[in-house]
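Step one of this worksheet: look at the structure below.
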Amino acid sequence: MDVAYKRRLPTFSSYPCVRDHTGIQPDRKMSRAAERLRLMINHLDRSSATISAVPTSTQTFTSHPQTLRFTHDTGLLTPEQRLFYEENGFILIKNLVSEEDIDKFRKAFERICRQEVKIPGLVVMRDVAIVKSEFVPDEKAVSKLQDFQEDPELFQYCNLPQILNYVECFTGPNIMAMHTMLINKPPDAGKKTSRHPMHQDLHYFPFRPADSIVCAWTAMEKVDRQNGCLVVLPGTHTGTLQEHDYPEWEGGVNKMYHGVRGYDPKHPRVHLEMEKGDTVFFHSLLIHGSGMNRTQGFRKAISCHYASADCYYFDVKGTSQENIENEVKDIANRKYGLGEMTLKDIWALRGRLVQGERTSL
Ligand SMILES: CCCCCCCCCCCCCCCCC(=O)SCCNC(=O)CCNC(=O)[C@H](O)C(C)(C)COP(=O)(O)OP(=O)(O)OC[C@H]1O[C@@H](n2cnc3c(N)ncnc32)[C@H](O)[C@@H]1OP(=O)(O)O
Ligand SMILES: Nc1ncnc2c1ncn2[C@@H]1O[C@H](COP(=O)(O)OP(=O)(O)OP(=O)(O)O)[C@@H](O)[C@H]1O
Ligand SMILES: O=C(O)CCC(=O)C(=O)O
Ligand SMILES: [Fe+2]
Ligand SMILES: [Mg+2]
């Protein structure tokens, strides 16, 4: 038992209950995990009390060496928040990004859709159902912006100090922004193509370790089950990277929207309903996706994948990631004629240091 570690912890009773600061909807499917977490916290609480009340040398502690594998102690996360991420692989922080900032990102998005600015490297993606029917030259045709690292306004999102403070809890102090997106999930055109299949983001990344990669995803408006909020499978971050393929969906699937092979729809899942400005941080192995957008509005979110600059690239050849590497290379080649570039080169070009030192990536 790591008594030194325990002594640094404030008392748990001074914090609100877990559900309050995670913003998670009560969900029967979560109850077992939540109960385990409550037990862990109660246990910590009791043993802390025991340490100060009865500091005898004969005392033995019989269980739970608390090794926290997925979080760093920066003083920001409460002990309950750390345990929550350790156990579930995500944490939701309410009201983290201001209305003002979000409105600024929305305006920047609209300018890009109206083609008033041209941003180097930016990829504008249209939903497969729209691409295959008509062309509409405005934001109603755009389902996603990818790689906005050269847009000074949108990239401010990745530099927000309150976001980076949380990111540091998962990556440590040297932080790279590796991948940026603004998702404009369209009203479903009737073929369920607005769904995002369940996947692990690590499938797309030719760098490791997985525990040092985290996504920040901020709701730009209220997101709920109706407009296709994020759906997560709690605890799946403790598993390994699974094989990904295109799901066999009748209505079609968007380019590169791979899903975990053999997805079990019976696995307990949690719908992350969020208000404008709420931000979820989740581990690169956490299985997640989003349901169809059943409303007439475009559900907007902005996100960035961060990695520790101390991560290293590796060659995905011969691994389950070879299929996505081939697709990315193909597109990079067709669009930019980057035939000679490796996946590693492409990522190193797009990544941006946002804190500390660029040590490796
Ligand atoms: C420097 C190079 C970078 C290359 C891209 C790198 C991508 C790296 C991905 C990393 C993701 C990591 C984070 C994890 C995130 C998990 C996800 O989000 S998975 C989904 C990610 N999605 C994408 O990455 C899609 C990126 N989109 C694109 O690259 C483009 O939008 C495009 C699909 C290539 C289409 O762009 P473009 O070629 O400009 O479009 P068109 O000329 O109109 O169409 C060409 C061709 O493609 C068909 N098409 C267009 N859109 C889609 C679509 N959404 N789904 C399926 N097919 C589509 C279109 O019909 C045309 O086909 P045709 O047969 O020639 O008619
Ligand atoms: N075969 C599959 N492979 C991978 N992911 C899938 C598969 N089928 C569905 N999903 C994903 O599972 C999640 C839940 O799917 P579903 O269609 O039930 O969406 P939902 O609208 O969120 O759920 P509900 O209808 O219960 O509100 C979505 O993220 C969806 O994209
Ligand atoms: O916003 C969404 O619907 C999910 C996005 C996502 O998981 C991704 O692009 O990796
Ligand atoms: Fe994802
Ligand atoms: Mg459904």
- May I ask for the percentage of alpha-carbon pairs in the range 254-312 that lie more than 18 Å from each other? 55 percent
- Pick out, in residue order, every one of the trypsin sites (Lys or Arg not before Pro) in the range 234-323 that is DSSP loop and has at most 15 other C-beta atoms within 10 Å; say none if there are none. 255, 261, 266, 294, 317
- Two pseudo-spin positions, 7 Å from Cα along C-beta at residue 314 and at residue 358, lie apart in nanometres by 2.4 nm
- Note on the structure: Rounded to the nearest whole number, the Stokes-Einstein translational diffusion coefficient of the range 136-222 at 20 °C and 1.002 mPa s (Kirkwood radius, C-alpha pairs) in µm²/s is 141 µm²/s
- Item | Per-residue HN-Hα couplings for the range 209-223 [Karplus 6.51, -1.76, 1.60; θ = phi - 60°; Hz; x = Gly/Pro] | x, 4, 5, 9, 10, 9, 9, 9, 10, 10, 6, 8, 6, 4, 10
- Note on the structure: A chain fully extended from residue 322 to residue 147 at 0.36 nm per residue, minus the present Cα-Cα distance, gains in nm 60.9 nm
- Any GluC sites (Glu not before Pro) in the range 219-250 that lie in a DSSP loop and have at most 13 other Cβ atoms within 10 Å would be 243, 248, 250
- Item | Derived scalar couplings ³J(HN,Hα) [the range 250-265; Karplus, 6.51 cos²θ - 1.76 cosθ + 1.60; whole Hz; x for Gly, Pro] | 4, x, x, 9, 5, 3, 6, 7, 7, x, 4, 5, x, 4, 9, x
- Query: So, with +1 on the Cβ of K and R and -1 on the Cβ of D and E, and no other charges, what is the size of the charge dipole of the range 247-361 about its Cα centre, to the nearest 20 debye?
  - Reply: 340 debye
- Message: Which residues does the label zone of residue 118 cover in the range 324-353, counting backbone N under 17 Å from a point 7 Å along Cα→Cβ?
- Response: 335-337
- Note on the structure: Carbon/sulfur accessible area of the range 277-328, % of total, 1.4 Å probe, equals 52 percent
- In nanometres, what is the gap between the two model label sites at residue 110 and residue 266, each 7 Å from Cα along Cα-to-Cβ? 4.8 nm
- Note on the structure: The set of residues whose placed amide H lies less than 5 Å from the amide H of residue 144, leaving out same-chain residues fewer than 5 positions away, is 125, 184
- All other residues with a Cβ under 11 Å from the Cβ of residue 123 taken together, and with Lys, Arg as +1 and Asp, Glu as -1, what is their net charge? +4
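The values are calculated or read from the model by the stated rules, or taken from the named source; none is laboratory data. Because the structure is a prediction, the values reported are computed rather than measured. Reconstructed Cβ throughout: ideal geometry from the backbone, glycine too, with neighbour counts over all protein chains shown. Ligands, DNA and RNA are excluded from the accessible area calculation, which covers all protein heavy atoms including side chains. Shrake-Rupley method; radii C 1.70, N 1.55, O 1.52, S 1.80 Å.
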